[in-house]
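Just dropping this structure here.
The values are calculated or read from the model by the stated rules, or taken from the named source; none is laboratory data. Keep in mind that what you see is a predicted model, and the values were worked out from it rather than measured. Cβ placement follows ideal geometry from the backbone for every residue including glycine, while neighbour counts extend to all protein chains displayed.
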Amino acid sequence: MEERRFGPAEAPNLGEPSRPRPAASIVLLRRGGRHSDRTLEVLLLKRTERARFMPGVWVFPGGSVDDGDGEDEARFKVCAVRELEEEAGIALPAEEELVLFSRWITPEVVSRRFDAWFFLALAPPHSLPRADGTETTDAAWFEPATALEAREAGELVLASPTIHQLQALAAYGGADEALAAYRGAEVEPILPKVIGTVEDSRVVLPGDPDYPA
């Protein structure tokens, strides 16, 4: 059974919270199955065990925004498309639609923090992902429910934001349905917070009864 390990960049920060780095990811969808049996599948990559942040964790392709990526939301899209090609070997057409899906900010107690924007996109036909062998060591398509079941069985290691996003996608019967649901939707940033003591702590999300004001 695989267990979640924490890299040195995830060490607790007991001082002033660091400024989150802008980052972006592609939640790449494809139409699985054949003909009328078209289910939704999503691409996940396994991060190298040597990573300083989330070693060995299965994630959506993504990375930090570069200074030359542009301005406003467009820079996050540029980053997400670039990281997908670098990490998974899949190039999106220039006209491909990217739909803002969610936005997660790393908790303040973590040393390295990210303000990560996640975009839904439809995979080009016959997309065969390949791990880059440096940042990622494996790549595979999963139905959201299957990935969540594998995580419960200890076969996949997933971070909390990925789990919540897979749970949201599991409600949709296909890629087109998921894209339509989030197209034009208002996306609020999610900042998890850690409460409790060092010996007994847990993560809470906005909307939870005990989420600190």
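Give me the strands (runs of 3 or more DSSP E) completely within the stretch 94-182, filtered to those with at least 1 residues that are aliphatic (A, V, I, L, M) and within 30 Å of Glu16 (Cβ to Cβ), ordered by residue number. So that I can check it myself, show each step before the final result.
Details: elements: 99-105, 114-122, 136-142.
By residue number, 99-105, 114-122.
In addition: Quick one: is Leu158 over 12 Å from Arg30 (Cβ atoms) and surrounded by 16 or more Cβ atoms within 10 Å (Cβ to Cβ)?
yes
In addition: From the list Arg103, Arg75, Arg112, pick out the single residue that is within 30 Å of Glu152 (Cβ to Cβ) and in contact with a Pro (Cβ under 8 Å, 6 or more places away or on another chain).
So the residue among Arg103, Arg75, Arg112 that is within 30 Å of Glu152 (Cβ to Cβ) and in contact with a Pro (Cβ under 8 Å, 6 or more places away or on another chain) is Arg103.
Find the residue count for the stretch 8-54, including only residues that are closer than 23 Å to Asp66 by Cβ, modelled with pLDDT under 85 and of a type in the set (A, V, I, L, M, F, W, C).
Residues meeting the conditions: 1.
Another question, then. Can you name every residue in the stretch 99-145 that is polar (S, T, N, Q) and either at pLDDT below 95 or crowded, with 18+ Cβ neighbours inside 10 Å (or both)? Show your work before the answer.
First pass over the stretch 99-145, keeping only residues polar (S, T, N, Q): 102, 106, 111, 127, 134, 136-137.
Passing the criteria: Ser102, Thr106, Ser111, Ser127, Thr134, Thr136.
Another question, if that's okay. How do the pairs read when you match residues in the stretch 1-26 that are in a strand (DSSP E or B) with residues anywhere that are aromatic (Phe, Trp, Tyr), using Cβ under 6 Å and keeping only pairs 6 or more apart or on different chains?
Arg21/Phe114; Ala23/Phe114; Ala24/Phe76; Ala24/Trp117; Ser25/Phe60; Ser25/Phe118; Ile26/Phe119
Let me ask another. Evaluate the following for Leu84: is it in a helix (DSSP H, G or I), within 12 Å of the chain's Cα centre (by Cα) and not aromatic (Phe, Trp, Tyr)?
Yes; evaluated as a whole, the condition is true for this residue.
How many residues, within the stretch 43-62, are touching a Pro at 6+ places or on another chain (Cβ under 6 Å) and either free of Cβ contacts under 8 Å to residues at least 12 places away in the same chain or hydrophobic (A, V, I, L, M, F, W, C) (or both)?
Counting residues in the stretch 43-62 that are touching a Pro at 6+ places or on another chain (Cβ under 6 Å) and either free of Cβ contacts under 8 Å to residues at least 12 places away in the same chain or hydrophobic (A, V, I, L, M, F, W, C) (or both) gives 2.
Which of the residues spanning the stretch 80-98 are among the small types (Gly, Ala, Ser) and buried (at least 18 other Cβ atoms within 10 Å of the Cβ)?
Ala80, Ala88
Within the set of pairs 6 or more residues apart or between chains, which connect a residue that is without any contact (Cβ under 8 Å) to a residue 40 or more places away in the chain inside the stretch 107-128 to a residue that is in a loop (DSSP other than H, G, I, E, B) and aliphatic (A, V, I, L, M) with Cβ atoms less than 6 Å apart?
Correct list of pairs: empty, since none qualify.
When Ala131 is evaluated against the numbered criteria (1) in contact with a strand residue (DSSP E or B) (Cβ under 6 Å, 6 or more places away or on another chain); (2) within 28 Å of Glu186 (Cα to Cα), which criterion, by number, is the only one it fails?
Of everything listed in (1) in contact with a strand residue (DSSP E or B) (Cβ under 6 Å, 6 or more places away or on another chain); (2) within 28 Å of Glu186 (Cα to Cα), Ala131 misses just condition (2).
Looking at Val42, is it part of a helix (DSSP H, G or I), in contact with a helix residue (DSSP H, G or I) (Cβ under 7 Å, 6 or more places away or on another chain) and closer than 20 Å to Leu179 by Cα?
Spelling it out, it is not the case that Val42 is part of a helix (DSSP H, G or I), in contact with a helix residue (DSSP H, G or I) (Cβ under 7 Å, 6 or more places away or on another chain) and closer than 20 Å to Leu179 by Cα.
Taking the conditions exactly as written (modelled with pLDDT under 95, small (Gly, Ala, Ser) and farther than 23 Å from Leu191 by Cβ), does Gly70 satisfy them or not?
When the stated conditions are applied, Gly70 passes them.
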